[in-house]
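See below for the structure under consideration.
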Amino acid sequence: MITKRIIPCLDVRDGRVVKGTRFLGLRDVASPVELAALYSDQGADELVFYDITASSDGRKIFTEILRETASRVFIPLTVGGGISTIEDFDRVLKCGADKVSVNSGALRDPELISQAAKKYGSQCVVLSVDAKRVDGQFRVFSKGGREDTSLDALEWIRKGVGLGAGEIVLNSIDTDGVKKGFDLEMLEAVCAAVQVPVIASGGAGSMEDFEILFKTLPGVDAGLAASIFHFGQIRIPDLKQFLDEKGINMRIEKRDEDGFAG
Amino acid sequence: MITIIDYGVGNLFSLKSSLQAIHVEAQVTADMDTIVHADKIILPGVGAFGDAAKKLRQTGLDKIAVERASEGIPLLGICVGMQLLFERSHEFGVHPGLGLIPGEVKPIRETISSELKIPQIGWNQLQMIQKEHPLFRYLRDGAYVYFVHSYHAVTPREYVLARTDYGGLLTAAVARENVMGCQFHPEKSGRAGLAILKAFAEL
């Protein structure tokens, strides 16, 4: 059967991974290319790169880094951050991205989702949503979680899928950074609202949090996290082994003697 | 040298890079002369079958691919490129394919249980039917590979190299003599994918 996916997320500014890393054996711990290669080697099922650069120079560096990563890492690569136009899609896809994640850009112009889905296929368009509880409602926030859009998250997600988004990344602002587990209540509501894959983000603090996520909500397809991986708090091979032993379907790569084969 | 046919469908960057990573020379081209002289061909493809088939025909590369395949050179179709090898597809109407392998491309919905999500997106295991096939030379049964698809090939068992279980058995890899195909993306399937590309390059 299809496996649950474990996805590390790398925030990249001016060509460097923003959150500090504590990996031994890496020549350059802030190099996105090296970190991506390490995660891939450790069995990450997919990688997400967020470009948090503001300048156009930084953006050029980002595309270069993407190209270099994609030429060394052979697992699916999703790119997000500042995607507002079809040209942005084009730029990152040409550098080796497989999927493009839209957030504020799609809130400003929802047609971006349908245009991109039409041009590149729904499998290529990931709708990333930052949501938070406000007045008993799951509310969409834009601009990195700073601005209340007053949109209902479930309605927005349904609309996004209707326009052609092929996957949803749900980042709960309420649980993000708290490290006490994913936002199961919000995720459950999203899984019930749409039929496309749902990726949980925000709140992972331990291996048990992933176990609880996948066991409580069979509809969630993947767990995404950043700092717990970057700080070496949880190693991806340990996490996947742990989940596998708990009966959750994981891709565990077996290496033949020649170092080949999955 | 592997020749990757570029007919304007999908992103060939990863495919070319993955071949480079295993030290296999590859060229991406739409040039007829080059393809006529190719000794190994990869036919890629993403998106809808009808669009891909139309684009391949418009370039005239469909005829060359069929000619070269019938001359016996190894041909590997990937994803929609694999689907194009069959007689026809039922994706948004009925569209003819290259007819190199008997069979049809049908919605996976007809095979799998109804509560599962479509498309199948993610890593799933290969269940090999023909373990001794040269394409699997470096690969173990049960290896995980990366799928993104809503349709799959329905073909006689003799052409099925491997299947995958997504609440029902789906066709994952096929072959008829020198014509081969993978529904999954070897260029996105980590070591397992590279193992398949390496085996193809050595045919």
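Tabulated results
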{"quantity": "Residue in region A:200-209 that is out of contact with any Pro (no Cβ under 7 Å at 6 or more places or on another chain), surrounded by 14 or more Cβ atoms within 10 Å (Cβ to Cβ) and within 13 Å of chain B (Cβ to nearest Cβ) present", "calculated": "no"}
{"quantity": "Tally of residues being over 14 Å from the mean Cα position of the chain (by Cα) and within 16 Å of B:Tyr159 (Cα to Cα) across region B:70-86", "calculated": "0"}
{"quantity": "Residue in region A:198-216 that is in a helix (DSSP H, G or I) and among the aromatic types (Phe, Trp, Tyr) present", "calculated": "yes"}
{"quantity": "Of residues in region B:55-98 being without any contact (Cβ under 8 Å) to a residue 12 or more places away in the chain and of a type in the set (Lys, Arg), the one farthest from B:Val179 (Cα to Cα)", "calculated": "B:Arg57"}
{"quantity": "Neighbours by Cβ (under 8 Å, 6+ apart or cross-chain): first from region B:8-19, at the interface with another protein chain (Cβ under 7 Å from one of its Cβ atoms) and closer than 14 Å to A:Ile75 by Cα; second of a type in the set (Lys, Arg) and buried (at least 19 other Cβ atoms within 10 Å of the Cβ)", "calculated": "B:Ser14/B:Lys188"}
{"quantity": "Among (1) more than 15 Å from the chain's Cα centre (by Cα); (2) within 14 Å of chain A (Cβ to nearest Cβ) - the single one B:Pro44 does not satisfy", "calculated": "(1)"}
{"quantity": "Count - residues of region B:99-114 that are touching a residue at least 40 places away in the same chain (Cβ under 8 Å) and either assigned to a loop (DSSP other than H, G, I, E, B) or surrounded by fewer than 21 Cβ atoms within 10 Å (Cβ to Cβ) (or both)", "calculated": "11"}
{"quantity": "Wholly enclosed strands (runs of 3 or more DSSP E) of region A:112-167 bearing at least 3 residues free of Cβ contacts under 8 Å to residues at least 60 places away in the same chain and closer than 18 Å to A:Gly203 by Cα", "calculated": "A:125-134, A:137-142"}
{"quantity": "Selected residue [more than 14 Å from every other protein chain (Cβ to nearest Cβ), in a helix (DSSP H, G or I) and farther than 30 Å from B:Ala52 by Cβ] from A:Gly58, A:Gly105, A:Gly82", "calculated": "A:Gly58"}
{"quantity": "Matching residues, region B:163-201, being part of a loop (DSSP other than H, G, I, E, B), surrounded by fewer than 21 Cβ atoms within 10 Å (Cβ to Cβ) and either within 12 Å of chain A (Cβ to nearest Cβ) or free of Cβ contacts under 8 Å to residues at least 40 places away in the same chain (or both)", "calculated": "B:Gly167, B:Gly168"}
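Values quoted throughout were computed directly from the atomic coordinates according to the rules given, and no laboratory measurement underlies them. The shown structure was predicted, so the numbers you read here are calculated from the model rather than taken from an experiment. Every residue, glycine as well, gets a Cβ built from its backbone with ideal geometry; the counts of neighbours run over all protein chains shown.
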